[in-house]
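The values are calculated or read from the model by the stated rules, or taken from the named source; none is laboratory data. What you see is a predicted model, and the numbers here were worked out from it, not measured in a lab. Note: ideal-geometry Cβ built from the backbone for every residue, glycine included; neighbour counts use all protein chains shown.
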């Protein structure tokens with residue numbers, strides 16, 4: 001049976017299989033979030049989601065860097081390239097954003113589309129959402145040995161507050177030099 005199952009799976013091209021895996025994972029994530037929210041409330045859900053996002057961010061960064069055999073991050077450009085690799089690998093359709101240079105060792109992330117905001121809006125809980133995606137991104141930074149500051153600090157979803165979703169990330173001097 002295993003042979004037959006593998007033959008069935010070969011009907012999918014690698015990109016189709018990757019897309020299906022990401023969609024299945026995101027469906028799992030959304031349903032987990034909503035079950036916990038219904039059972040324990042949004043305050044607990046946000047806290048657990050943030051803890052999970054931090055843990056996942058650390059593991060993702062280590063695994064992807066190791067798999068791609070990447071050297072330590074030096075200039076900010078190296079980090080931004082790696083951030084883009086992470087996002088493409090984990091599901092580039094989940095977020096639409098652009099990065100703009102914002103000064104010495106700083107950049108802004110302008111988010112136009114975010115799957116978490118869209119899905120929680122449909123579920124009617126976006127106004128209570130704390131953003132787990134940026135929790136993952138901050139852990140990518142930390143795992144790569146970068147000391148940073150975000151403005152605004154992480155908290156309630158900016159889009160749900162009817163604000164533009166723009167975060168400025170400043171990497172502290174010295175953490176990007178060899």
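Considering only residues in region 94-109 that are surrounded by 15 or more Cβ atoms within 10 Å (Cβ to Cβ) and either in a loop (DSSP other than H, G, I, E, B) or touching a helix residue (DSSP H, G or I) at 6+ places or on another chain (Cβ under 6 Å) (or both), the one that is modelled with the highest pLDDT turns out to be 102. Looking only at residues that are modelled with pLDDT of 85 or more, out of contact with any strand residue (DSSP E or B) (no Cβ under 9 Å at 6 or more places or on another chain) and under 26 Å from residue 105 (Cα atoms) in region 121-162, which one is surrounded by the most Cβ atoms within 10 Å (Cβ to Cβ)? Here the residue is 140. Taking region 62-93 as the range and being within 13 Å of the chain's Cα centre (by Cα) and surrounded by fewer than 16 Cβ atoms within 10 Å (Cβ to Cβ) as the test, the residues that pass are 84, 85, 88, 89, 92, 93. Summed over region 123-158, the residues that are closer than 17 Å to residue 32 by Cβ and touching a residue at least 40 places away in the same chain (Cβ under 8 Å) give a count of 9. Within the set 65, 85, the sole residue that is outside any loop (DSSP other than H, G, I, E, B), out of contact with any strand residue (DSSP E or B) (no Cβ under 9 Å at 6 or more places or on another chain) and either more than 16 Å from residue 138 (Cα to Cα) or in contact (Cβ under 8 Å) with a residue 40 or more places away in the chain (or both) turns out to be 65.
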